[in-house]
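Engineer: Can you keep this structure in mind? I'll have questions shortly.
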């Protein structure tokens with residue numbers, strides 16, 4: 001059994017694409033996943049499954065959500081090792097001058113192609129910082145994520161990859177849950 005973390009994009013936000021966590025957990029269990037645990041209402045699920053590709057899991061979960069709930073939801077799946085590596089590479093996490101509640105990670109579904117970081121820099125607000133890697137965009141938003149122009153949608157459109165964003169607290173908790181399964 002392999003432990004996976006699935007990040008669903010855009011559920012339970014502003015009254016859109018509502019999925020109760022109990023129903024989501026049951027759906028995962030119906031897919032024969034084991035030790036299913038959800039974390040907060042924004043579509044974070046840690047589970048165990050027979051080892052397969054992350055792409056197969058993403059498709060399976062996304063198709064089941066469409067079947068059970070009637071709408072499409074992008075799904076990004078990581079294994080524990082990958083999540084840990086992304087967390088360990090976070091350049092802002094250990095910076096004592098950074099407020100941890102202002103740190104976000106935009107997880108990328110694949111390595112971006114040609115990247116013009118200047119396009120991202122043009123959207124930065126004073127005080128914001130970002131670091132782009134093959135698997136994630138690390139964001140420091142001291143004015144709050146709600147005020148940044150470096151939104152998930154903007155990053156997806158500019159990098160031409162699916163993405164989903166989580167704050168540092170959520171990401172740390174997901175890693176903790178995954179490592180304890």
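The values are calculated or read from the model by the stated rules, or taken from the named source; none is laboratory data. Source: prediction; values computed, not measured. Please note: Cβ atoms are built from the backbone with ideal geometry, for glycine as well, and neighbour counts cover all protein chains shown.
Engineer: In the range 21-36, which residue that is in contact with a strand residue (DSSP E or B) (Cβ under 8 Å, 6 or more places away or on another chain) and part of a helix (DSSP H, G or I) is surrounded by the most Cβ atoms within 10 Å (Cβ to Cβ)?
Structural biologist: 24
Engineer: Does residue 18 count as in contact with a helix residue (DSSP H, G or I) (Cβ under 9 Å, 6 or more places away or on another chain), surrounded by fewer than 14 Cβ atoms within 10 Å (Cβ to Cβ) and outside any helix (DSSP H, G or I)?
Structural biologist: Yes, satisfied.
Engineer: Could you tell me which of the residues 84, 111 is under 20 Å from residue 154 (Cβ atoms) and touching a residue at least 24 places away in the same chain (Cβ under 8 Å)?
Structural biologist: 111
Engineer: Name the residues in the range 108-135 that are in a helix (DSSP H, G or I) and either on the phi > 0 side of the Ramachandran plot or surrounded by 17 or more Cβ atoms within 10 Å (Cβ to Cβ) (or both), would you? Lay out the reasoning, then the answer.
Structural biologist: Filtering the range 108-135 down to residues in a helix (DSSP H, G or I) leaves 117-123.
The answer is 120, and nothing else.
Engineer: Here's a check for you: in the range 50-81, which residue that is in contact (Cβ under 8 Å) with a residue 60 or more places away in the chain and under 17 Å from residue 9 (Cβ atoms) is surrounded by the fewest Cβ atoms within 10 Å (Cβ to Cβ)?
Structural biologist: Only one residue tops the list, namely 73.
Yes/no matrix, rows are residues, columns are (1) over 15 Å from residue 28 (Cα atoms); (2) touching a helix residue (DSSP H, G or I) at 6+ places or on another chain (Cβ under 9 Å):
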| residue | (1), (2) |
| --- | --- |
| 43 | no, yes |
| 56 | no, no |
| 79 | yes, yes |
| 85 | yes, no |
| 90 | yes, yes |
| 100 | yes, yes |
| 119 | yes, yes |
| 124 | yes, no |
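Engineer: Answer with yes or no whether residue 11 is touching a helix residue (DSSP H, G or I) at 6+ places or on another chain (Cβ under 7 Å), closer than 22 Å to residue 166 by Cα and surrounded by 14 or more Cβ atoms within 10 Å (Cβ to Cβ).
Structural biologist: Against the criterion (touching a helix residue (DSSP H, G or I) at 6+ places or on another chain (Cβ under 7 Å), closer than 22 Å to residue 166 by Cα and surrounded by 14 or more Cβ atoms within 10 Å (Cβ to Cβ)), residue 11 does not qualify.
Engineer: For the range 159-175, which residues satisfy the criterion of being surrounded by fewer than 19 Cβ atoms within 10 Å (Cβ to Cβ) and over 15 Å from the mean Cα position of the chain (by Cα)?
Structural biologist: Listed by number, the list holds a single entry, 160.
Engineer: Report the residue count in the range 149-174 for those that are farther than 21 Å from residue 62 by Cα, part of a loop (DSSP other than H, G, I, E, B) and either outside the structural domain of residue 109 (by TED's automatic domain parsing) or touching a strand residue (DSSP E or B) at 6+ places or on another chain (Cβ under 7 Å) (or both).
Structural biologist: Qualifying residue count, the range 149-174: 1.
Engineer: Please indicate, with yes or no, whether at least one residue in the range 89-96 is in contact (Cβ under 8 Å) with a residue 60 or more places away in the chain, under 27 Å from residue 51 (Cβ atoms) and not assigned by TED's automatic domain parsing to the domain that holds residue 6.
Structural biologist: yes
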